[in-house]
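Since the structure comes first, as structure tokens, the remarks are kept for the end.
The values are calculated or read from the model by the stated rules, or taken from the named source; none is laboratory data. Worth saying up front: this structure is predicted, and the values here are computed from it rather than measured. We place every Cβ from the backbone using ideal geometry, glycine too, and count neighbours over all the protein chains shown. What goes into the accessible areas is simple: the full protein's heavy atoms, side chains included, and nothing from ligands, DNA or RNA. Shrake-Rupley method; radii C 1.70, N 1.55, O 1.52, S 1.80 Å.
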Amino acid sequence: MRRSLLFIPANRPGMMQNAEVFEADGIIFDLEDSVALNEKDAARTLLKHFLATFKFDFEVVIRINPIDHVNGLLDLETIISPAVDAIMLPKADPAMVRKLGELLEGFERARGIRKTIKIIPLIELAKSVLQMEEIAGLPRVDGMMLGAEDLSSDMEMERTKTGNEIFYPRARLAYIARAFGIDAIDTPFTDVLDEDGLCADARRAKGLGLTGKAAIHPNQIRYINEIFSPSKAQIEWALKVIAAAKEHSGAFSLDGKMIDTPIIARCEKILEKGRKWKLL
Amino acid sequence: MKIGIAGSLESSDCLVRAEESDKLEIQIESSVFEFFGNQIRKVVLDTLEDQGIKTIKIHVNDKGALDYTIRSRLLTAIERMKRS
């Protein structure tokens, strides 16, 4: 369960060292778009030593370069260690996700890494939108993220703040991710000065069923966390329902409303999120 | 002359220049040299020893970098020097 994932360029030690104060559920250390081609070597080396130096209380996600290019393979060879929780794969398709899974398995075995490093495929091509169902079912995939900027480019669509042009991939991502029990992570909102726009965009994504959102600036995190967390009222209601459910078997009435199994399940999910994010 | 440069002059980073030489020379510039000059020098020497390098000219312009950053930038500068 991830509400917020913050992108940080992996060649900026000042930002990397401050990652934990941003209160994102996960940090995406980016080796791809935010690192110039002639700085890839420096970023990889810096990230490797950074990961070996600190301990983290957030999820460590690394966005690597595409693995059909030497940079992606060098990224993996350099940075795979027990500190890495997940790899974000750009321009993912099923074959690349399978290949990445095989590579990770090899690194884990060779380096004695006991955990299973997860994969977060980036859905940023029209073809990948259609392949989401196949991608979601592959081993190690525990979330998918929409990359709307590249997707809009691939579709030759104009990106707008209302996001009408990404209604379909967002909705498809939400349904497929839910069906496979994985996270549906929304694309970042790129105007870092427009807080109202960010909130409206995040609410639209949540309304479609997405479970979290990526951020490109630390100031975006608190809004995203708030929007993708259960509200205080929802938590109070869920606690009341679960307490009442213990007194009843089957459907019952609470404050004039019928409570049945799907509502109880929903309340349990709200409380699970509340416990995870220390909101209870 | 083989030269490699890595890093930046941003806060918490350092700019490292590695240059082929027939002797060992280490120059360090830092606004906190009085407090951390010896530590920066130690990181450089330890890294060179790990790499089996006995002769090289290193210049570090430090902007408050932690040890892991100095080591990383030095390693990249050395690799770039070798490739140049």
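A few notes on this one:
- In nm, spacing of pseudo-spin labels at A:K232 and A:T53 (7 Å Cα→C-beta vector): 4.0 nm
- With the simple model of a label 7 Å out from the Cα in the direction of the Cβ, A:N38 to A:V70 spans 1.7 nm.
- An ellipsoid equivalent to the protein assembly as shown, defined through the eigenvalues of its Cα gyration tensor, has semi-axes of 44, 22, 19 Å when rounded to whole angstrom and sorted largest first.
- Solvent-accessible surface of chain B, taken per residue with a 1.4 Å probe and all protein chains present: 54 Å².
- Between B:K2 and B:E20, the built amide H atoms are under 5 Å apart, and every one of these is 5 or more places off in sequence or on another chain.
- Estimated FRET transfer efficiency (A:D191, B:Q27; beta-carbon r; R0 56 Å; 0.05): 0.80
- Three-way shape label, segment A:232-276, alpha-carbon gyration tensor, a/c 1.5: prolate
- Net charge of Cβ neighbours under 15 Å - reference A:P13; Lys, Arg +1; Asp, Glu -1: -1
- Local electrostatic count, A:V35, Cβ distance below 12 Å [Lys/Arg +1, Asp/Glu -1]: -2
- Neighbours of B:D22, meaning other residues whose beta-carbon lies under 13 angstrom from its beta-carbon, give a summed charge of +1 when Lys and Arg score +1 and Asp and Glu score -1.
- The aspartates and glutamates within cross-link reach of A:K278, meaning a Cα-to-Cα straight distance under 20 Å and a gap of 8 or more places when in the same chain, are A:E20, A:E23, A:D25, A:D57, A:E59, A:D183, A:E226, A:E236, A:E268.
- Translational D in µm²/s for chain B (Stokes-Einstein at 20 °C, 1.002 mPa s, Kirkwood Rh from C-alpha pairs): 174 µm²/s
- Cα long-axis angle, helix B:67-83 against chain B (0 to 90 degrees, to the nearest 10): 20 degrees
- Taken as Cα centroids, segment B:70-84 and segment A:216-258 sit 53 Å apart, rounded to the nearest whole angstrom.
- Binned Cα-Cα distance frequencies in segment A:112-166 - 5 Å width, integer %: 5, 18, 24, 18, 14, 10, 6, 3, 2, 0
- Too-long pairs where the Cα-Cα distance tops 29 Å, listed order kept, from A:K213/A:K276; A:K118/A:K273; A:K40/B:K57; A:K161/A:K269: A:K161/A:K269
- Cα centre as origin, Lys/Arg/Asp/Glu Cβ charges: the protein assembly as shown dipole, Debye: 880 debye
- For B:I28, residues with placed amide H under 5 Å, excluding near neighbours: B:V60
- In this assembly, the A-B interface accounts for approximately 1200 Å² of buried accessible surface in total, computed with a 1.4 Å probe and without ligands, DNA or RNA.
- Of A:M15, A:M258, A:M144, the residue with the greatest mean-square motion in the GNM of chain A, using alpha carbon springs below 10 Å, is A:M258.
- Gaussian network model of chain A, springs between alpha carbon atoms under 10 Å - residue of A:V129, A:V21, A:V35 with greatest fluctuation: A:V21
- Secondary-structure-derived ellipticity at 222 nm for the protein assembly as shown, considering helices only, amounts to -14500 deg cm²/dmol, per-run term -39500 (n - 2.57) for DSSP H runs with n ≥ 4.
- DSSP-assigned coil residues among trypsin sites (Lys or Arg not before Pro) in segment A:172-280, each with at most 14 further Cβ atoms within 10 Å: A:K246, A:K278
- Residue of A:E149, A:E23, A:E105 that the Gaussian network model of chain A assigns the largest fluctuation, springs spanning Cα pairs under 10 Å: A:E105
- Contact residues in segment A:32-49 by the 50 Å² criterion (accessible area, 1.4 Å probe, full protein complex versus chain alone): A:D41, A:L46, A:H49.
- For segment A:4-228, the solvent-accessible area with a 1.4 angstrom probe is 43 square angstrom per residue.
- Accessible surface of the protein assembly as shown, 1.4 Å probe, proportion on carbon and sulfur as whole %: 52 percent
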